[in-house]
1. Could you check the range 90-111 and list, in sequence order, the residues that are surrounded by 15 or more Cβ atoms within 10 Å (Cβ to Cβ), out of contact with any helix residue (DSSP H, G or I) (no Cβ under 6 Å at 6 or more places or on another chain), of a type outside the set (S, T, N, Q) and not in a helix (DSSP H, G or I)?
2. Which one is least open to solvent (accessible area, probe 1.4 Å) among residues in the range 74-89 that are among the acidic types (Asp, Glu) and more than 14 Å from the chain's Cα centre (by Cα)?
3. His71: part of a strand (DSSP E or B) and surrounded by fewer than 18 Cβ atoms within 10 Å (Cβ to Cβ), yes or no?
4. Against the conditions (1) charged (D, E, K, R); (2) farther than 23 Å from Ala24 by Cβ; (3) open to solvent by less than 70 Å² (accessible area, probe 1.4 Å), where does Asp57 fall short? Just the number, please.
5. When only residues in the range 115-126 that are open to solvent by 70 Å² or more (accessible area, probe 1.4 Å) and over 11 Å from Arg31 (Cα atoms) count, which is modelled with the lowest pLDDT?
6. When you go through (1) open to solvent by less than 50 Å² (accessible area, probe 1.4 Å); (2) on the phi > 0 side of the Ramachandran plot; (3) among the acidic types (Asp, Glu) one by one for Glu33, which number turns out not to apply?
7. Taking only pairs six or more apart or across chains, which ones have beta-carbon atoms under 9 Å, a first residue in the range 80-100 that is free of Cβ contacts under 8 Å to residues at least 12 places away in the same chain and of a type in the set (D, E, K, R), and a second residue that is outside any helix (DSSP H, G or I) and open to solvent by less than 20 Å² (accessible area, probe 1.4 Å)?
8. Consider Gly50 carefully, then state whether it is exposed (fewer than 11 other Cβ atoms within 10 Å of the Cβ) and among the small types (Gly, Ala, Ser).
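The values are calculated or read from the model by the stated rules, or taken from the named source; none is laboratory data. Predicted, not measured: the structure shown is a model, and the values here were computed from it. In this analysis, Cβ positions are derived from the backbone assuming ideal geometry, glycine residues included, and neighbour counts consider all displayed protein chains. Just so you know, the surface numbers come from the protein's heavy atoms only, side chains and all, with ligands and any DNA or RNA stripped out. Shrake-Rupley method; radii C 1.70, N 1.55, O 1.52, S 1.80 Å.
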Amino acid sequence: MKLLKSVLIMAIAIVNFNLMAQEATVPDLLRNELKAADNHVYVIERELPGAGNLSADELEAISQTSCGVLHKMGEENIKWLHSYVTGDKIYCVYRAKNEDLVREHASKGGFPANSVAEVKTVIDPSTANLD
């Protein structure tokens, strides 16, 4: 029984190690989104005083509202990739067919969209080619 338990633990460790090695970074994922035909990636700046102090429940409720609107608009048209919450702002990254869809989502969800900027490319430390 101990041998079986040890083998199972080792198998789980190997699978987890392999999965971690295959995980893409955020820049890699965004680069892939940018390559998709007929899609654009946008960064939305949402001014929300006290955003950094929102509770987990409040963030969950905001996320649920956003996902509900996105579902109705169709994932083939617009998709929320991720967001960054700072002190008084939330920066959201979306993939969408056009900027109008991003603004429509904000309007329907009751979210501010103080600034919407299309991402043209993604850089990170690997861009420096220091290998």
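1. First, the residues of the range 90-111 that are surrounded by 15 or more Cβ atoms within 10 Å (Cβ to Cβ): 90-96, 98-99, 101-106, 108-109, 111.
Still in the running and out of contact with any helix residue (DSSP H, G or I) (no Cβ under 6 Å at 6 or more places or on another chain): 91-93, 98-99, 101-104, 106, 111.
Remaining after also requiring of a type outside the set (S, T, N, Q): 91-93, 99, 101-104, 106, 111.
Passing the criteria: Tyr91, Cys92, Val93, Phe111.
2. In the first step, residues of the range 74-89 are kept if they are among the acidic types (Asp, Glu); the result is 75-76, 88.
Still in the list and also more than 14 Å from the chain's Cα centre (by Cα): 76, 88.
Values: Glu76: 119, Asp88: 92 Å².
Going through the qualifying residues, I end up with Asp88.
3. Details: part of a strand (DSSP E or B): no; surrounded by fewer than 18 Cβ atoms within 10 Å (Cβ to Cβ): yes.
Considered against the rule, which asks whether it is part of a strand (DSSP E or B) and surrounded by fewer than 18 Cβ atoms within 10 Å (Cβ to Cβ), His71 comes out as no.
4. Among (1) charged (D, E, K, R); (2) farther than 23 Å from Ala24 by Cβ; (3) open to solvent by less than 70 Å² (accessible area, probe 1.4 Å), Asp57 violates only (3).
5. Here is the first cut: in the range 115-126, the residues open to solvent by 70 Å² or more (accessible area, probe 1.4 Å) are 118, 120-121, 123, 125-126.
Filter again for over 11 Å from Arg31 (Cα atoms), leaving 118, 125-126.
On the way: Glu118: 95, Pro125: 85, Ser126: 82.
Selected residue: Ser126.
6. (2) is the only condition that Glu33 fails.
7. none
8. On the way: exposed (fewer than 11 other Cβ atoms within 10 Å of the Cβ): yes; among the small types (Gly, Ala, Ser): yes.
Yes: the conditions hold for Gly50.
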